[in-house]
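This report concerns only the one structure given below.
The values are calculated or read from the model by the stated rules, or taken from the named source; none is laboratory data. Keep in mind that what you see is a predicted model, and the values were worked out from it rather than measured. Positions of Cβ are generated from backbone atoms using ideal geometry, with glycine treated the same way; all protein chains shown enter the neighbour counts.
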Amino acid sequence: MQAADSYFVDFRDVWLAYNDELLAQNHFAVEAIDLQIRQGEFIAIVGPSGCGKSTFMKLATGLKMPSMGKILIDGQGVTGPLKISGMAFQAPSLLPWRTTVDNVLLPLEIVEPHRSQFKAKRKEYEARARALLQKVGLGGYEDKFPWQLSGGMQQRASICRALIHEPKMLLLDEPFGALDAFTREELWCILRDLQAEQKFNVILVTHDLRESVFLADTVYVMSKSPGRFVVKRDIELPRPRDLEITYTKEFTDIVHELRGHIGALRKAGAPIQQ
């Protein structure tokens, strides 16, 4: 058992109601969240629509404060938006008037300590952005505008933007949900390689069970609202994983097991307990 202070993310009995009125009615969006994530761990969160997965993400980034309980990230209590995290969503939301490389540089223009050094270090930062874009297969597209890129290319640029300030934690909310199957699998492999190389923590929210099993060390299943974690499934498939593993019985058995849990939650009137 790991010492409590050695967890990178530590949720201790966290409950969230979205306002005081809902709190007074004991109407919570998420409840009784206990979650401990080790340094460098990749977790995925799955569950029925509306179960509180995105609410959990807001708590993990410090965009929402819990109504009850405590959240520690990298040994510090969370009191506001975290500078050590990067985020990417289903919609890439690149600024159409900025080139790909300038979109990727945006966090360095906003987040301290980079902001105050941006003009002086512009060349160094731009070289870092171009190297990252090369890594995700966007070499040659650095100076194109978002409207000149496919959806998959835009999402690659969005992931680069989330990683440019070298965060300790990457939060991904359905990042590949709008992409075709082939592009999605390409991006799984890109994310797998970046995380293996840089060892940042990842919290991935997804509806795609294959995606969760392929990428994560641990998959958590969330109950219907109010969301709580009801299943923790360690994924003991060896790393590095390649796409061939997704056709093995071992892999598909885990996917079916998780699908069974979510099917049971959809039918059940109340959350199942561990």
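Among residues of the stretch 89-102 that are farther than 17 Å from MET57 by Cβ and in contact (Cβ under 8 Å) with a residue 40 or more places away in the chain, those with a Cβ under 7 angstrom from a residue that is of a type in the set (A, V, I, L, M, F, W, C) and loosely packed, with under 14 Cβ neighbours inside 10 Å, sequence gap 6+ or separate chain, pair up as PRO96/TRP147.
Of all residues in the stretch 13-23, which are in a strand (DSSP E or B) and at negative phi? Residues satisfying the conditions are VAL14, TRP15, LEU16.
In summary, helices (runs of 4 or more DSSP H) completely within the stretch 179-274 and bearing 2 or more residues that are within 16 Å of the chain's Cα centre (by Cα) occur at 181-198, 209-215. Counting only strands (runs of 3 or more DSSP E) wholly contained in the stretch 24-100, the ones carrying 3 or more residues that are farther than 19 Å from ASP217 by Cα and within 17 Å of the chain's Cα centre (by Cα) occupy 85-89.
Of all residues in the stretch 101-148, exactly one satisfies the criterion of being at positive phi and either under 22 Å from the mean Cα position of the chain (by Cα) or not small (Gly, Ala, Ser) (or both), namely GLY137. For the stretch 111-120, the candidate set comprises residues that are over 26 Å from GLY137 (Cβ atoms) and outside any loop (DSSP other than H, G, I, E, B); within that set, the residue that is modelled with the lowest pLDDT is ARG115. State whether the residues of the stretch 127-136 include one that is closer than 25 Å to SER212 by Cβ, part of a helix (DSSP H, G or I) and either in contact with a strand residue (DSSP E or B) (Cβ under 7 Å, 6 or more places away or on another chain) or touching a residue at least 60 places away in the same chain (Cβ under 8 Å) (or both). Within the stretch 127-136, none of the residues are closer than 25 Å to SER212 by Cβ, part of a helix (DSSP H, G or I) and either in contact with a strand residue (DSSP E or B) (Cβ under 7 Å, 6 or more places away or on another chain) or touching a residue at least 60 places away in the same chain (Cβ under 8 Å) (or both).
Among the residues here, ALA162 does not qualify as assigned to a loop (DSSP other than H, G, I, E, B) and not β-branched (Val, Ile, Thr). Once the stretch 121-149 is narrowed to residues that are under 15 Å from ALA162 (Cβ atoms) and either out of contact with any helix residue (DSSP H, G or I) (no Cβ under 6 Å at 6 or more places or on another chain) or surrounded by fewer than 16 Cβ atoms within 10 Å (Cβ to Cβ) (or both), the residue that is modelled with the highest pLDDT is ARG128.
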